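Below is one structure, written out as structure tokens; comments come after it.
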Amino acid sequence: MMRPILALSALSILAACSSNGTSPIVTVIKGVILPTKAEDIAVANAGATLTREKIEAFGLALIRGRIEGEEISNLLTGTAVNGHYVTYVSSFRQNITMLGSLVTGTRGMGGDLLAVRSDARDPVAHSTPTADWPSTLTRDYRFPGVGPEGNTVSVTCNLTRAADATVTIVEVTYEVTPFTEVCTGNEVAFTNTYLAQPDSGQIWQSLQWIGDKVGYVNIDVLEPYTLE
């Protein structure tokens with residue numbers, strides 16, 4: 001059941017919860033995404049076990065985010081909508097802004113991502129059945145820099161799919177198509193991974209590059225945002 005945005009004050013409810021769900025880290029091995037063994041990831045802004053029953057009871061648009069290489073993840077709840085962009089905030093005031101499933105901005109993580117421009121056909125930004133995902137797309141990533149426009153990194157990304165699999169996120173198992181996205185340009189190279197539901201294109205788990213200073217953030221979608 002999908003959930004709408006609720007107020008920031010709901011974060012106080014989340015302070016009583018943590019994660020006991022399976023959250024495999026997606027690894028790229030020769031262009032194929034392979035989930036590692038199941039892990040129980042500690043949640044910094046939590047004190048008890050997070051269950052699917054509690055997620056349903058919260059009624060929140062909710063994600064779980066973790067910087068790659070760190071052992072602690074954070075729960076972030078949707079607090080603001082600007083057009084099709086949704087901003088999620090943790091109780092530590094770390095922000096992640098997303099267009100669809102694409103991370104387009106971060107704050108409070110040690111190296112801000114200011115904005116991302118994506119193609120109109122970008123299936124990460126605009127949910128698309130996996131059979132219709134393109135093989136190539138372009139993006140512009142903007143970071144702080146000299147002048148009002150900052151530093152823009154333009155990349156071309158090539159997508160490769162792997163065999164359908166499953167992923168379990170806090171007691172719910174999803175059928176997914178794994179994708180590897182290799183992006184290069186402006187003297188940078190990085191690889192994103194996505195686990196997308198074949199029929200709707202909803203991405204339930206992803207590992208996304210948010211800049212050289214921070215590296216990657218792992219996103220689990222616990223309850224997607226919806227207007228309904």
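Values in this text are rule-based calculations from the coordinates and carry no lab data. Computed from a predicted structure; not experimentally measured. Note that each Cβ is placed from the backbone with ideal geometry, even for glycine, and that neighbours are counted across all protein chains shown.
If Lys and Arg each add +1 and Asp and Glu each add -1, what is the summed charge of the other residues whose beta carbon sits under 12 Å from the beta carbon of Glu181?
Counting the neighbours of Glu181, the net charge comes to +1.
Taking the Cβ of Thr130 as the centre, find all other residues whose Cβ is under 12 Å away and add up their charges (Lys, Arg: +1; Asp, Glu: -1).
Value of the local net charge: -3.
Just want the ordering: Leu222, Leu159, Leu195, from fewest to most Cβ atoms lying within 10 Å of their own Cβ.
Leu159, Leu222, Leu195
Arrange Phe92, Phe143 by Cβ neighbour counts within 10 Å, fewest through most, would you?
Ordered from fewest to most neighbouring Cβ atoms within 10 Å, Phe92, Phe143 come out as Phe92, Phe143.
When a/c is below 1.5 the answer is rounded, else prolate if a/b is larger than b/c, else oblate, so apply that to the stretch 51-201 with a ≥ b ≥ c taken from the square roots of the Cα gyration tensor eigenvalues.
Note, shape of the stretch 51-201 comes out oblate.
Where does the charge balance sit around Ser206 when Lys and Arg score +1, Asp and Glu -1, over other residues with C-beta under 10 Å from its C-beta?
Neighbour charge sum, excluding Ser206 itself: -2.
How much length, in nm to one decimal, is gained on full extension between Val81 and Lys213, taken as 0.36 nm per residue of separation minus their Cα-Cα distance?
My answer for the length gained is 44.8 nm.
Rounded to the nearest Å, what's the spacing between the alpha carbon centres of the stretch 108-168 and the stretch 197-228? Just the number, please.
11 Å
Which ³J(HN,Hα) values, rounded to whole Hz and listed in residue order, are derived for the stretch 189-197 from phi using the Karplus coefficients 6.51, -1.76 and 1.60 in 6.51 cos²θ - 1.76 cosθ + 1.60 with θ = phi - 60°, glycine and proline given as x?
For the stretch 189-197, the Karplus curve yields 8, 8, 10, 9, 10, 9, 10, 10, 5 Hz.
Report relative contact order for the stretch 83-228 in percent, whole number only (criteria: Cα-Cα under 8 Å, sequence separation at least 6).
17 percent
Using a 10 Å cut-off around each Cβ, can you sort Ser200, Ser73 from fewest to most neighbouring Cβ atoms?
Ser200, Ser73
Taking amide H positions as placed in the peptide plane 1.01 Å from N, state which residues far from Leu113 in sequence (5 or more) or on other chains have amide H under 5 Å from it.
Close amide H contacts, sequence-distant or interchain: Thr106.
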